[in-house]
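Structure, as structure tokens:
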Amino acid sequence: MEAIYMDHNATTPLRAEVREAMSPYLNEVFGNASSIHTCGRAAAKGINRAREQVAEALGCRPEEVVFTGGGTEADNQAIKGVACALREKGNHIITTQIEHHAVLHTCQYLEKQGFQVTYLPADEYGMVDPHNVRRAINDHTILISVMHANNEVGTVQPLAEIGRIAREKDVLLHTDAIQTFGKLPTRVDELGVDLLSLSAHKLYGPKGVGALYVRQGTRLDPLLHGGHHERNRRAGTENVAGIVGLGRAAELALTEMEEEAGRLASLRERLWHGIVANVEGVRRNGHPTQALPGTLNACFEYIEGESIVLGLDMKGIAVSSGSACTAGALDPSHVLLAMGLEPGIAQGAVRFSLGRENTVEQVETVVAALQGVIKPLQVMMAS
């Protein structure tokens, strides 16, 4: 039985080209990039090249790229860093109810430190209204944090419009672009952002490494202390091999993005139409057009999503019931609840997130397998 992986929003397999780029830095080029001897300079050269590759994908200066230990750290660095640096200016932060918990929990932590946070709603498609952003800004607002695209339902936010509002009001804008970097254009000037978080393992790079774009002139306190690394913005000896892998993955994604996005969007729609034609009681979640090309989130009425995930897993098919960071949680998705779904319906959510190795044949196999999983569960629920 062929194993089929459709959980690419959770993580992606390491590309052979990325592994090859990393290999020297796991072996002979093992130096500390802060060392001034030959071995250290060789490691620093690899980091500098990766910084250029990431900057090219973002359309920014290499010195505006700060390497981190992952996307969660990048989100924390952006939000806590701005909050601490600008506390004398204000204590109000605006975010949304549908953010990843790396943003939500960070904002909740800051509330305990005396900050005020406005959590904006989303509509039935998971879209945030820029007018709500404008209305939420007050004289004490120092930061807006709105994700570029939602990790569960795939809805892409009107970030450029929000960016124009932020600039007009002289408020910093951060975006969690962890799901879009390498999949959709993330040119920082076009998006109008001052800070942008990204992660390597979402685009066929290694786990445990990410980056934060910090626009030149943005005040930001470091999250970690203990060294001068990353221009005094992130202390700690750099994960050289991981950073090199991130750079190479970004370079590959940039060259393939447009073609791959079209292919994945076609597969996504084929999957959805196959499900609708063969399974009763299903609804699609997220925006039908303004969405990540490979993400499909659907609710199967009166059936727990976890049961479907486990049933498909027994057939060698990997999908999820939501964010990988909340897998195993008994509560319905906070994203779907924010979109207005009833808890009983939201419990039936399954996320299919397609990637490079998925094919038309695999989509057909998943549709057939889904029928075999759903129908017995529906019979069981009806009895």
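The values are calculated or read from the model by the stated rules, or taken from the named source; none is laboratory data. Worth saying up front: this structure is predicted, and the values here are computed from it rather than measured. Virtual Cβ from ideal backbone geometry, glycine too; neighbours counted across all protein chains shown.
Being in contact with a Phe, Trp or Tyr (Cβ under 7 Å, 6 or more places away or on another chain), part of a strand (DSSP E or B) and either over 28 Å from Arg351 (Cα atoms) or among the hydroxyl-bearing types (Ser, Thr, Tyr) (or both) is the requirement here; does Thr95 meet it? So Thr95 passes the test.
Taking the condition touching a residue at least 40 places away in the same chain (Cβ under 8 Å), under 24 Å from Ser34 (Cβ atoms) and buried (at least 22 other Cβ atoms within 10 Å of the Cβ), does Gly247 pass?
Numbers: touching a residue at least 40 places away in the same chain (Cβ under 8 Å): yes; under 24 Å from Ser34 (Cβ atoms): yes; buried (at least 22 other Cβ atoms within 10 Å of the Cβ): yes.
Here the answer is yes, as Gly247 does meet what is asked.
When the residues of the range 270-300 are filtered to those that are of a type in the set (D, E, K, R) and outside any helix (DSSP H, G or I), which remaining residue is farthest from the chain's Cα centre (by Cα)? Walk me through it before giving the result.
Of all residues in the range 270-300, those of a type in the set (D, E, K, R) come to 270, 280, 283-284.
In the following step, the residues that additionally are outside any helix (DSSP H, G or I) were identified as 280, 283-284.
Working: Glu280: 31, Arg283: 23, Arg284: 20 Å.
My answer is Glu280.
For the range 158-254, the strands (runs of 3 or more DSSP E) that sit wholly inside it and include 1 or more residues that are charged (D, E, K, R) are 172-176. Taking the criterion of being free of Cβ contacts under 8 Å to residues at least 40 places away in the same chain and among the charged types (D, E, K, R), the residues of the range 150-198 that qualify are Glu161, Arg164, Arg167, Glu168, Lys169, Asp170, Asp194. Going by the structure shown, is Arg356 in a strand (DSSP E or B) and either surrounded by fewer than 20 Cβ atoms within 10 Å (Cβ to Cβ) or under 17 Å from the mean Cα position of the chain (by Cα) (or both)? Considered against the rule, which asks whether it is in a strand (DSSP E or B) and either surrounded by fewer than 20 Cβ atoms within 10 Å (Cβ to Cβ) or under 17 Å from the mean Cα position of the chain (by Cα) (or both), Arg356 comes out as no. List the number of the failed condition for Asn132; all other conditions in (1) farther than 25 Å from Val240 by Cβ; (2) in contact (Cβ under 8 Å) with a residue 24 or more places away in the chain hold. Single failed check for Asn132: (2). Among the residues of this structure, Ala102 counts as one that is closer than 29 Å to Leu184 by Cα and in a helix (DSSP H, G or I).
Residues being modelled with pLDDT of 95 or more and closer than 30 Å to Pro62 by Cα are entirely absent from the range 306-326. For the range 1-29, the set of residues classified as surrounded by fewer than 14 Cβ atoms within 10 Å (Cβ to Cβ) and over 29 Å from Arg351 (Cβ atoms) consists of Glu20, Asn27, Glu28, listed by residue number.
Within the range 42-71, residues that are closer than 19 Å to Glu256 by Cα have Cβ atoms under 6 Å from residues that are in a loop (DSSP other than H, G, I, E, B) and among the basic types (Lys, Arg) in these pairs: Gly59/Arg187, counting only partners at least 6 apart in sequence or on another chain.
Of the residues in the range 6-19, at least one is farther than 28 Å from Leu296 by Cβ and either at pLDDT 95 or above or aromatic (Phe, Trp, Tyr) (or both). Return yes or no: is Gln77 part of a helix (DSSP H, G or I), buried (at least 23 other Cβ atoms within 10 Å of the Cβ) and of a type in the set (S, T, N, Q)? Judged against the criteria, Gln77 is a match.
For the range 91-122, what are the residues that are charged (D, E, K, R) and exposed (fewer than 14 other Cβ atoms within 10 Å of the Cβ)? Write out each step before concluding.
Pass one, the range 91-122, residues charged (D, E, K, R): 99, 111-112.
Of everything in the range 91-122, those that are charged (D, E, K, R) and exposed (fewer than 14 other Cβ atoms within 10 Å of the Cβ) turn out to be Glu111, Lys112.
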